[in-house]
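J.: Handing you a structure now.
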Amino acid sequence: MHKIVRVAFLLAAIQLAVLVAFAPQAKAADREVDTMDTETAERFARLALDCIEREYPNLIHHVMTGDDDVGPPRELTPAFYGCYDWHSAVHGHWLLTRLARRYPETDFGGTAIEALGRNLTHEHLLTEAAYMADPARDGFERPYGLAWLLQLIAELDEWGEPPADQWREWLVPLESIAVQRLSEWIPKLAYPIRIGEHDQTAFAFGLAWDYAEQVGNSEFRQLLADAGRRFYAEDRICPLAYEPSGHDFLSPCLAEADFLRRVLDSDRFAEWLSGFLPDIGEPDWLPVARVTDRSDGKLAHLDGLNLSRAWMLEGIASGLPADDARRTPLLETAARHAEAGLAGVSDAHYEGGHWLASFAIYLETRRGIAAGD
């Protein structure tokens, strides 16, 4: 019976993909500036290559409706089964896609394309869509994993050449489900989620916004803009002194500001930021987070916090007018956080090694920041 239901979900996912309109749009120009040498890029690529096909150890967030739902990760989600958990596998694939596109003539770029080709097959992605389409899993990876899935799709869409265009086409069923799930959930969400881990809304909204801009989905982008104004526009004096919590890898305050700089024009954003983070530039206004044990998966989150803080600080600066005096302390603080966070990205401990390289690449390639900033 469960197998029949799964087939029904699969067919529904495919139907949904066909019905959802993704009209051709002019592609956004590649807006980032490389800050990495090839050797560093290869080192980060190797971390992702070492985990996207490594099935165990594995943390599964898996809703079961019966005995037929029992299975190993490679059968349940055969594209995104590695890297310890589903969302880390997704952004591991994003990392490899980004580096393969930007370093096409390198050996590691070719190896990345081969690895992506083994996982992003039509059959695997249809199985992923059928898994996600199950109504019992309507909260699956919401919002963090869904946002990274959309970021992967945006990267493939921006690449737009073989074999990326084929993978992007095969991801349409998953894309449709992810957009639909978020579009149904966000209007029902009475309050933002302000924590420093996966459930945070501001970070996910930022990734989803950049996806919506890339593919030209103005309706989805408007939904995110409305949610941003509803949740955050009246916020004042964010308590930075309460950050970080011990397991944070995202800053609630900075992520909110980094999202709203996408939604508001620069003058309105500058005014809002004055009330939201009034202490920018004060002595020791945002100390670098201290990591005490990188072999502990939760404590290693703080390396990710330093990395995400760095790119969010750069993003906030990019949203301000060019003559805004806060740009300098924002970028200086970003540099300190980047140095600390990048020092923690290694293969010494799988607890951090399976995901931190994705955050490093997001930072180092200035993903989502306009040219000239």
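J.: Can you spot a residue in region 124-133 that is within 12 Å of the chain's Cα centre (by Cα) and closer than 16 Å to L76 by Cβ? If you could, list the steps in order and put the result at the bottom.
T.: From region 124-133, those within 12 Å of the chain's Cα centre (by Cα) are none; that's our starting set.
No, every residue in region 124-133 fails to be within 12 Å of the chain's Cα centre (by Cα) and closer than 16 Å to L76 by Cβ.
J.: Would you confirm whether or not region 306-324 contains a residue that is hydroxyl-bearing (S, T, Y), more than 25 Å from V345 (Cα to Cα) and surrounded by fewer than 18 Cβ atoms within 10 Å (Cβ to Cβ)?
T.: Checked against the condition, which is being hydroxyl-bearing (S, T, Y), more than 25 Å from V345 (Cα to Cα) and surrounded by fewer than 18 Cβ atoms within 10 Å (Cβ to Cβ), region 306-324 yields no hits at all.
J.: Sticking with this structure for a sec: Which condition breaks for P283 when tested against (1) surrounded by fewer than 18 Cβ atoms within 10 Å (Cβ to Cβ); (2) under 29 Å from C51 (Cα atoms)?
T.: Unmet condition: (2).
J.: Over 20 Å from R98 (Cβ atoms) and surrounded by fewer than 19 Cβ atoms within 10 Å (Cβ to Cβ), is that true of H349?
T.: Criteria met by H349.
J.: Separate question: Please go through region 272-305 and pick out each residue that is among the small types (G, A, S) and either assigned to a helix (DSSP H, G or I) or out of contact with any Asp or Glu (no Cβ under 8 Å at 6 or more places or on another chain) (or both).
T.: S274, G275, G281, G304
J.: Right, next: In this structure, does S308 turn out to be within 17 Å of H91 (Cα to Cα), in a loop (DSSP other than H, G, I, E, B) and either in contact with a Pro (Cβ under 7 Å, 6 or more places away or on another chain) or of a type in the set (S, T, Y) (or both)?
T.: For S308, the condition - within 17 Å of H91 (Cα to Cα), in a loop (DSSP other than H, G, I, E, B) and either in contact with a Pro (Cβ under 7 Å, 6 or more places away or on another chain) or of a type in the set (S, T, Y) (or both) - is not met.
J.: Please enumerate the residues belonging to region 250-271 that are assigned to a loop (DSSP other than H, G, I, E, B) and closer than 14 Å to R194 by Cβ.
T.: Listed by number, the residues that qualify are L250, S251.
J.: Only residues in region 234-246 that are touching a residue at least 40 places away in the same chain (Cβ under 8 Å) count as the first member; pair them with residues that are assigned to a helix (DSSP H, G or I), Cβ under 6 angstrom, at least 6 apart or cross-chain, and list the lot.
T.: Within 6 Å, the pairs are D235/F276; R236/G275; L240/C253; P244/L305.
J.: I'd like to check which helices (runs of 4 or more DSSP H) are fully inside region 106-214 and have at least 3 residues that are surrounded by fewer than 20 Cβ atoms within 10 Å (Cβ to Cβ), out of contact with any strand residue (DSSP E or B) (no Cβ under 7 Å at 6 or more places or on another chain) and modelled with pLDDT of 95 or more.
T.: Of the helices (runs of 4 or more DSSP H) lying wholly inside region 106-214, those with at least 3 residues that are surrounded by fewer than 20 Cβ atoms within 10 Å (Cβ to Cβ), out of contact with any strand residue (DSSP E or B) (no Cβ under 7 Å at 6 or more places or on another chain) and modelled with pLDDT of 95 or more span 107-119, 122-133, 164-170, 172-185.
J.: Going by the conditions given, is C51 on the phi > 0 side of the Ramachandran plot and at pLDDT 95 or above?
T.: On the way: on the phi > 0 side of the Ramachandran plot: no; at pLDDT 95 or above: yes.
Spelling it out, it is not the case that C51 is on the phi > 0 side of the Ramachandran plot and at pLDDT 95 or above.
The values are calculated or read from the model by the stated rules, or taken from the named source; none is laboratory data. Just so it is clear, the model here is predicted, and its values are computed rather than measured. Backbone-built Cβ (ideal geometry, glycine too); neighbour counts: all protein chains shown.
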